[in-house]
Structure formats: structure tokens, C-alpha cells
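Okay, so here's the structure we're looking at.
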Amino acid sequence: MQSQLPIYPEQASNFAPQVDALMVFITAICVFFALAITAAIVIFFFKFHRKKPDDVGVAFEGDSRLEAAWMVIPLILAMAMFGWGAVVYVDYRHAPQDTLDVYVIGKQWMWKAQQPNGLKEINELHVPVNRNIRLILASEDVIHDFFVPAFRVKMDVVPGHYNTMWFRPTKPGRYHFFCSQYCGTNHAIMGGWVTVMEPSDYAAWLSGSSGVSANPVLAGEKFFAEKTCITCHVADGTGRAPSLNGLYGAPVLLADGSTVTADESYIRESILVPNAKIVAGYQPLMPTFQGQLTEEQILALTAYIKSLQSRPVPAKGSGIAPPTGKK
Amino acid sequence: MPHEHYLNSSYGIRSWLLTTDHKRIALLWLGSVTFFFFIGGILATMIRIHLLTPTGALVSPETYNKLFTMHGVAMIFFFLIPSIPAVLGNFLIPLMIGAKDLAFPRINLLSWYIYMVGGIFVLYSFGTGGLDTGWTFYTPLSSVYSNSAVTPAVIGIFINGFSSILTGLNFIVTIHTMRAPGMTWFRLPLFVWAHYATSLVMILGTPVVAITLLLAGLERMFHLGFFNPALGGDPILFQHLFWFYSHPAVYIMILPAMGVISEIIPTFARKPIFGYAFIAGSSIAIAVIGFVVWAHHMFVTGESTYAALTFSFLSYLVAIPSAVKVFNWTSTLYKGSISWDAPMLYALGFIGLFTIGGLTGLFLACLGLDIHIHDTYFVVAHFHYIMVGGAVMGYVGGIHFWWPKITGRLYPEALSRAAAVTLFVGFNLTFFPQFILGYLGMPRRYHTYPPEFQVLNVLSTAGASILALGYLLPMAYLTWSMRYGKVAGPNPWPATGLEWQTDSPPPTENFHVTPEVTWEPYDFEHRPDLGLAAGSPLPAPAHGDD
């Protein structure tokens, strides 16, 4: 337990010690400068207090070497802060490969999380300890922000596209999460708890909480048929639209000659705004599904399309870029 | 007191509402920005009382959200942005450069009327349903989901923008064209340099925020899809456009305060300011670099890593000119003849609070740290240190410094020193705990919070009550002094600027004869007219070198 008046939250993720170290580093430099300036002001204030009413001070015009020194030294220190901060940030913005992916949807004013097996939670998030967790964040309405102080991470949840964040919990326990982007009336109560569990407990919890939800891949497969996606996106590549087998994570060659990696954001955009990126060799025929799908339905479709990653890719009729030497 | 001056040259309500005298217009501004400061202050008081208990002591969630939104809108757009430029800048720039008025006196009056019209729209919004979007108006909350009176508020801020633009234009033209003989660019008071830089930001930035809020209003009224993703818009685009102005707007607030401090310190240390050219240049550098740091408000929106790296780097660069100013002010004190008058106490308080505000900006500019402290109370504390600890402290200090010039009378000295100390202590007690709250993870804009945050919130509210006293005291004794204060005379400190060469209060035409400047700025040694110990005139200047 921490004392009654802690000055930092618990450290419960891989990022927490890094962010705290940055905090200590910058605080040390800033306290030094703040104290030096304050001391100088206080000493001058008393030492050079006016003795006679008509006294004047001793004039100095300035000193360019001094000016140079107090530009260059702070600049060097500032660049150190910038560099170290950048290292932590770049790490945070690039999730490792082996993540456990959890979908999180924010809406006024609650959080829904969906585990890989489809288990759904509201204002709760269960994750195993010492595992890289990636959250794929979507919003049904306004901008929210998923913030876990004990993990020292947050990311905005923006309507219209996916954001992702990752962390590795390092300590079992229950930790607050908050919405930290103002989102309307009940912004302050749009929060909950992250429960970090031992892997065995997590597995037991996953299987124990039975019957809460359908498997998102199965739900997505159903929508794929219901929304008639299947009519054009034929698996063997003979349809009017490219086969989606093996798509997820692969490079896609576009009509304008560029390539794009098929991640969640690309899949989402292709469902909602199909003409934004046209796959090379195909016509812009697909209608938009903007406004016709809830975020959960989009997630289910995405989960299904992701599940096709391991299916055989047809030799013709796939959007995947051929493996050339070109980048 | 002089027999006739700008305050008694004519009487009646028309002589004020139709005046083109920059000094009278400045007083119109003083009245109206004080009114908005009162509104903002009352809202702040209610916020702090509400946060005394974790569940919220005073109002409903809807009302709380309106309190902090209206507090922000009133304070930023209708108090902080106009305060120093429109009151002190308006009053002093012509006097400081030896001019009779601003370049466009009628446009100057128009600025005030535009502000008043904008203010009425915003007050209408406050009175009919209030505003609950946050002063940042993030879309699609403001443009689609909010049920409050967003439309009149954005119209009011849109209109108010033109006031800012016209004031900036007026200042720039005045400073270029109306300087007295001998008032070269490097003899300009640093207050004028600071306002020149501020005016650049006003002219270049304000149109962007005006149009941005207009677009949000159009989306709200006519469902045009600019920012709403359901209509094909991009909510993040709003943030880019909004911060393109609203980050530089911070410099609109702080640069004029830096100008005030650069006047007070040499006057009360009685020596030339250390590094004049560096302080003047740093104002321009802040204005220029300040335009390319905006996306540091957006490090966790999902913006590209490269953009984040660029904006973090540039944000660190803008810290350097601010540091240069602090070092130069501090060095000016060395071997000065320092008086402990109230303006000096405000100025030194400013340096202390601005230093903390500026240094904590380094934490937020740090990418790795910002992912934790962004949108927490750390940010709230940081920007209040800049805007209240910095800008408002500078404004109140400046009001004290030039009060004898504006009214012809002195404020009560002991009481004003007590007020300066009260403000400093109350401010720190209010806002320092919020840095810790933020690091502990308390998000901003919360009407209710987990109980572990209560102690720090109670401390903050206790500080706010001291802070409120620190603001009420000057309002009371300054008002009192207008009638009962000691007559000041033209130059009570004495100070070196041209504004102190004329009567207090000045005549309507500012100077009885056009002044000619033969001395360098803040030079006490070669000014026998100031009646100080040193003081032999400079050898006659060699004319003809322009």
C-alpha cells in the first residue's frame, strides 16, 4: 500500500517505470532551474534593496557570451528531454507482434470491451499479467480517451477510425481506468477497472464466464452473408471484388500504384468508405456501409476478415501485392 | 493634478460611448473585461466549491460541465485575450511612442463595440441553456451531440475575433508610422515590442479560429459534414484548425504580460534592462515559433508518430526564448537599486509563477510523459500557471504600475503589497496541488472523482479562497483610490518612458508639445530630469544618422 498522500500512482505496466524515470529526470532539471532563479531573485531582492530614495542601479548593457550560454545549455537539456521522451513514445506507438488483441468501444457514457473469444464486458477489462496487450479502440459517438494511470498510458478513441494502444501489465491487481477526453454530461463516471490476472486465472475466467456472447468471428461470418458481402468477395478470387483470404496484415496494391498494409483501420475504411482506396484491377463498385453498421458489427466483420488470414490465397483475384523487390 | 486632462475634458455618456480617445476607449475596455473577469471568477469559485467532496458538493453533472465551459470561454476569449492589449496597450502604446492617438481611432472604438456585440451573444448563450462543450469545442461533441446553446456562443466568439484582428492591425500600423522623432525601433519600450509580436499573432491566427468555429456552427445548424465522421468529416481536422490559433493565443495572453514585466523591472531596479535586444527578439521568436507547435495538444489523438516527433521538437525550441527572458529579467536585478513597491512584487511574483508554468511545459512537450499526463489536472495546473500566474499577475502588476498615470492618483502602498503577497500564496496553494493530482491520474473536467483525490482537491479549494481575496482587495482599494488616493504627479516612481513625461492623467492630446527622444531605453544615468543621484546628460547626440 502507498501512503495516505502518494505522489505517483502504482507502477503496473512496462511503461510505468519508463514514464516515471522520465518524470524524475525532467523534474530534477526543472527543480534545479526553478531553485536557482528563485534564489537569485531572493538574494538580489534583499542584497540590492534601495538604500537612499534617489539611488540608481549599476548599468550593464548585457553580455552576449552569457546570452549564448543560457540559450545553448537549456537547448541541450531540452534536446535530451525530447530524445528520451521520443524513445518511449515511439515504443508506445509501435505494438510488438505477439499481442493479445482486445476491442474496446467507447460510447456516451460507457466502455464495452470484447475479448478475443468474444466475451464482452462493460466498464471492466480483464487481462493476463506479463502479456503484451493491444487495445483496438473505436467510438460510437464523440471522442473519448482510454486512460489507465497505473499503466501510464492513454489513447483517444476517435469516431470514424481505429486507434490502437498497447501495454504489458506487470502486476496483478485492479486498477482504475478513466475517460480522459471530455465527452459530455457523464464524462466523469465513464470509467471502470482493469483487472490484471495471473494467466491461469485469466484462462479460467475466460472459460468460466460462459454464454455471455457469441464468437465475433461467427457473428462476422453471419453479417458477411447477410450484408451480401459474399456475393462479390468470393473466396476463390472469381468474384467482382478481391478475395479476402490472407488479406489481414498483407500489403495491398492499389489502383494508383501505391501499396497499403491491410490492418484494422484499412479494413474498417474499406467497409465504410470503399472508394477511398481502390484495389488495383478492380472497379469502384462497392456501396458504402457508412451509418448502416454499428461499431460492434464492424468489429465482428473485421474479426471475421482477420480470421481469413490463414485461408489459402487464390493465385488470381486477390488484392495482395505480388512479392516484388520493390518497396 | 493638471487643470484639464482626458477624464474631465468632456462629460456625459455620449462623450464616452462615442469617444475616439484611445485612453477613454482603454477605460471602456477596463470596465468590460473586468465584468467578464467577474463572471469567470464566480464560475471558478463554484467549480472549486463543488470539488470539495468526491461526489460533488454543489451542482449536477450537467451544470458542472457548463460551469467549467463558461469559465473557460469567459476568461480566455473575453478576459485574457483582450485584457492587457486592449486596456494597457490601448492606453499606453501612443503615450510610449510619443503619438497623439492610435493610427485608426475610430476603428479602435469599433473594436470595442464588436467585442461588446460578441459578448452579448456569448452571454445570451450562457443565459439560455448555457454551454457544455468545454472551451475547446471539440467536434463532434459540439457540432452534433451537445444539447446546450452552442450556436450563439460560436457566433459570439466569431464576432469577437474581428475585434482582436482590428486591434492588432491598429497597433502594428501605429508602431510603424507614428513614433515620435528620435524613437527608433531599438529605443522602443519592450512593452511595445511585446505588443508588436502579439499583434502579429492576432492578425495571423484569429481568422483561423473564427472560421473553424463557424464551420462547427454550420455543421451543427445545417448538418454540413466538416468534422462529423458520419457525414464524411474528420473530427481531428477540427483540433488542428482550433489549436492552430488557440496555441498561439496563449502567446497573445502571455507576451503582453512579459512586456509589462520588462517595464516594471528596470523601473524598480533603476537600471537598464539586461539584454534589451534579446528580450525584444525573443518576443518575435515566440510569436513565430509559437505558430508551429500546435499539434502538441494532440499527441494521443493517433496523429502520426512523425508529426508527434516534429511538434515535440518544435515545442522544446519555443521554450528557449521564454527562458532567455527569465534569465535577462533576473540578471537585471543584479546590482540594481531595488524598491519593494507593489508593481515590483507583482513582477517578481510573475517571474516565479511563469517559471513554474514554463518549466512544466517541458513535461507536457515530452512525448513519453505526455501519454500519461495529457488531459489530466497536470495540464490544468500548467496552463493556469501561465495564464493566471503569468498573464493575470502581469496584468494586475501593470494596472498598479500605470494606475497613477491612468487616474492621476496613487493606490495605498501597504495594502497593495499585502494583496500581491496574498495573490502569490493563494495562487500556489490553489494550483500546485493540481500538478500532483494530475500525475496521480485525475483527468480534467470531472464533476466527481475517486475519494483518494480528495485531500489535494480540498487544498486547492482552500487556496482558491485566498486567491479570491487577492483579487477582491485590489478591486476595492483601486476603486477607493480613484477618489481618495494621493495625487501622483507626472512621474512618481520615477520611470524613464515617454508616458511619464506628460501629465497624470494625460491631456486628451497626450503631449502638450511633441516629444523628442534623445536617450536610450531605461537609462537612468543620463537623465537629470528624473532627479536621481546619478544624472549627467549625455553629450549632445550627433544628428543626421537617422
State which stretch of chain B is the longest one without any exposed GluC sites (Glu not before Pro), exposure meaning a DSSP loop state and at most 16 other Cβ atoms within 10 Å. B:5-508
Can you give the angle from 0 to 90° between the axis of helix B:342-365 and the longest principal axis of chain B, with both taken from C-alpha atoms, to the nearest 10? 40 degrees
Segments A:33-41, B:379-387 sorted - mean Cβ within 10 Å per residue, highest first: B:379-387, A:33-41
How many partner chain Cβ atoms sit within 10 Å of a residue's Cβ in peptide B:350-359, on average, as a whole number? 3
Once the cut-off is 30 Å, how many percent of the Cα-Cα pairs in chain B end up in the long-distance tail? 49 percent
Largest first, please: the extent of the C-alpha atoms of the range B:353-406 along each principal axis, to the nearest Å. 49, 15, 11
For residue A:222, list the aspartates and glutamates whose Cα falls under 17 Å from its own Cα; do not include residues on the same chain fewer than 8 positions away. A:295, A:296
Chain A: angle of helix A:216-226 to the longest principal axis, Cα-based, in degrees nearest 10: 50 degrees
Translational diffusion coefficient of the range A:216-310 at 4 °C, 1.567 mPa s, Stokes-Einstein with Kirkwood Rh over Cα pairs, in µm²/s as a whole number. 97 µm²/s
Extending each Cα 7 Å along its Cβ direction at residue A:315 and residue A:54, get the distance between those two points in nm, one decimal. 10.6 nm
How do B:474-480, A:83-89 rank on mean C-beta neighbours within 10 Å, highest first? A:83-89, B:474-480
Could you work out how far helix B:413-440 tilts from the main Cα principal axis of chain B, as a 0 to 90 degree angle to the nearest 10? 30 degrees
In the protein assembly as shown, if the dipole is taken from +1 on Lys/Arg beta carbons and -1 on Asp/Glu beta carbons about the Cα centre, which of A:177, A:70, B:349 is farthest to the positive end? B:349
What does the structure give for B:306-319 when I average, per residue, the other chain Cβ atoms found within 10 Å of the residue Cβ? 3
At q = 0.13, 0.24 Å⁻¹, what log₁₀ I(q)/I(0) does the range A:1-98 have when each alpha carbon counts as one equal point scatterer in the Debye sum? -0.75, -1.30
Mind checking the mean number of beta-carbon atoms from other chains within 10 Å of the Cβ atoms in B:65-76? 1
Sorted by Cβ neighbour density within 10 Å, fewest at the top, the residues B:481, B:143: B:481, B:143
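Hey, can you rank B:113-121, B:196-204, A:222-230 by average C-beta count inside 10 Å, highest first?
Ranking the peptides B:113-121, B:196-204, A:222-230 by packing returns B:196-204, B:113-121, A:222-230.
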Taking every pair of alpha-carbon atoms in the range B:298-373, what share in percent sits in each 5 Å bin, from 0 to the bin with the longest distance? 3, 13, 20, 18, 13, 10, 8, 7, 5, 2, 1
Give, as ranges by residue number, the residues of the range A:113-144 whose backbone N falls under 11 Å from the point 7 Å along Cα→Cβ of residue B:448. none
Give me the lysines in straight-line cross-link reach of residue A:171: C-alpha distance below 26 Å, same-chain residues under 8 apart excluded. A:112, A:120, A:154
Inter-probe distance in nm under a simple model that places probes 7 Å from Cα toward Cβ, at residue A:235 and residue A:29: 5.7 nm
Fewest to most Cβ atoms within 10 Å: B:95, B:530 sort as B:530, B:95
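What whole-number volume per residue, in cubic angstrom, does the convex hull of the C-alpha atoms of the range B:202-344 give?
Here the figure is 125 Å³ per residue.
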Between residue A:288 and residue B:222, the FRET efficiency computed from the C-beta separation at R0 = 30 Å comes out, to the nearest 0.05, as 0.90
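With 10 angstrom as the radius, rank B:162, B:68, A:151, B:268 by how many other C-beta atoms surround their C-beta, starting from the fewest.
Listing B:162, B:68, A:151, B:268 from fewest to most nearby Cβ atoms yields B:162, B:68, B:268, A:151.
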In whole Å, what is the distance between the alpha-carbon centres of the range B:341-375 and the range A:99-120? 38 Å
Lysines within cross-link reach of residue A:47: Cα-Cα under 21 Å, excluding same-chain residues under 8 positions apart? B:271, B:335
Computed [θ] at 222 nm, helices only, for chain A once each DSSP H run of length n ≥ 4 contributes -39500 (n - 2.57): -11000 deg cm²/dmol
Evaluate the distance, in nm, between pseudo-label points positioned 7 Å from the Cα of residue A:204 and of residue A:61 along their respective Cα→Cβ axes. 8.1 nm
Total charge dipole magnitude, the protein assembly as shown, about the Cα centre, Cβ charges on Lys, Arg, Asp, Glu only, Debye to nearest 20: 380 debye
Across the Cα atoms of the protein assembly as shown, what radius of gyration and what greatest pairwise Cα-Cα distance (Dmax) are found, in Å? 30.2, 99
Sort all Cα-Cα distances of chain A into consecutive 20 angstrom bins from zero, then give the percent of pairs in each bin up to the one containing the longest distance. 25, 44, 22, 9, 2
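By the scheme Lys and Arg +1, Asp and Glu -1, what is the net charge of all other residues having a beta-carbon under 14 Å from that of residue A:84?
-3
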By the Kirkwood definition, with r running over pairs of different Cα atoms, the range A:149-259 has a hydrodynamic radius in Å of 18.8 Å
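Here, each number is a calculation from the coordinates, and none is a lab measurement. Here the structure is a predicted model, which means the values were calculated and not measured. Virtual Cβ from ideal backbone geometry, glycine too; neighbours counted across all protein chains shown.
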